[in-house]
Amino acid sequence: FHGFVTQKLQELIDSGRKIDYVLAIGPIPMMKAVAEVTRPYGIRTVVSLNPIMVDGTGMCGGCRVTVGGETKFACVDGPEFDAHLVDYKNLSDRNKLYLPEEQQSSEGFTHRCRLAGKA
């Protein structure tokens, strides 16, 4: 198979195969798309979120997500949530919040090997 996971999922649904549960793990747009495929069929769908996590206790709020209109913390309340209740726009926006700092930090780890050509 070559294509999007949502295409294969729709094929499985259309084949009449009984699907009780879908677990989606991956990029935010893919998880959102999976939720939209399963929603009309009432298939229980869970996503495993990977937002910024700093302290793992919920104190910093970095992993805050909105699920069913309520604030949750992925590090203590998740990371698995009902895919049909996640606010993907908010999740995506928050994931981009620290992008400049992440890029700046990763630049410090760029290493150029200086051993090439030396015996």
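The values are calculated or read from the model by the stated rules, or taken from the named source; none is laboratory data. Keep in mind that this is a model prediction, so the values were computed, not measured. Heads up, the Cβs are rebuilt from the backbone with ideal geometry, glycines too, and the neighbour counts pull from every protein chain shown.
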Matching residues, the range 31-67, being closer than 29 Å to Arg17 by Cα and of a type outside the set (A, V, I, L, M, F, W, C) = Lys32, Glu36, Thr38, Arg39, Pro40, Tyr41, Gly42, Arg44, Thr45, Ser48
For the subset of the range 83-100 comprising residues that are at pLDDT below 95 and aliphatic (A, V, I, L, M), which member is nearest to Ala35 (Cα to Cα)?
-> Leu97
Of the residues in the range 1-15, those that are farther than 25 Å from Val65 by Cβ, at pLDDT 95 or above and not acidic (Asp, Glu) come to Gln7, Lys8, Gln10, Leu12, Ile13, Ser15
For the range 61-119, which residues satisfy the criterion of being of a type in the set (Asp, Glu) and without any contact (Cβ under 8 Å) to a residue 24 or more places away in the chain?
-> Glu70, Asp77, Asp87, Asp93, Glu101, Glu102, Glu107
Scan of the range 29-55 for residues that are touching a strand residue (DSSP E or B) at 6+ places or on another chain (Cβ under 8 Å) and either part of a loop (DSSP other than H, G, I, E, B) or farther than 19 Å from Gly68 by Cβ (or both), ordered by number | Met30, Ile43, Leu49, Pro51
May I ask you to list pairs of residues, at least six apart or on different chains, whose Cβ atoms are under 7 Å apart, with the first in the range 6-27 being surrounded by 14 or more Cβ atoms within 10 Å (Cβ to Cβ) and the second being of a type in the set (Ser, Thr, Tyr)?
-> Ile13/Tyr41; Val22/Thr38; Val22/Thr45; Ala24/Thr45; Ile25/Ser48
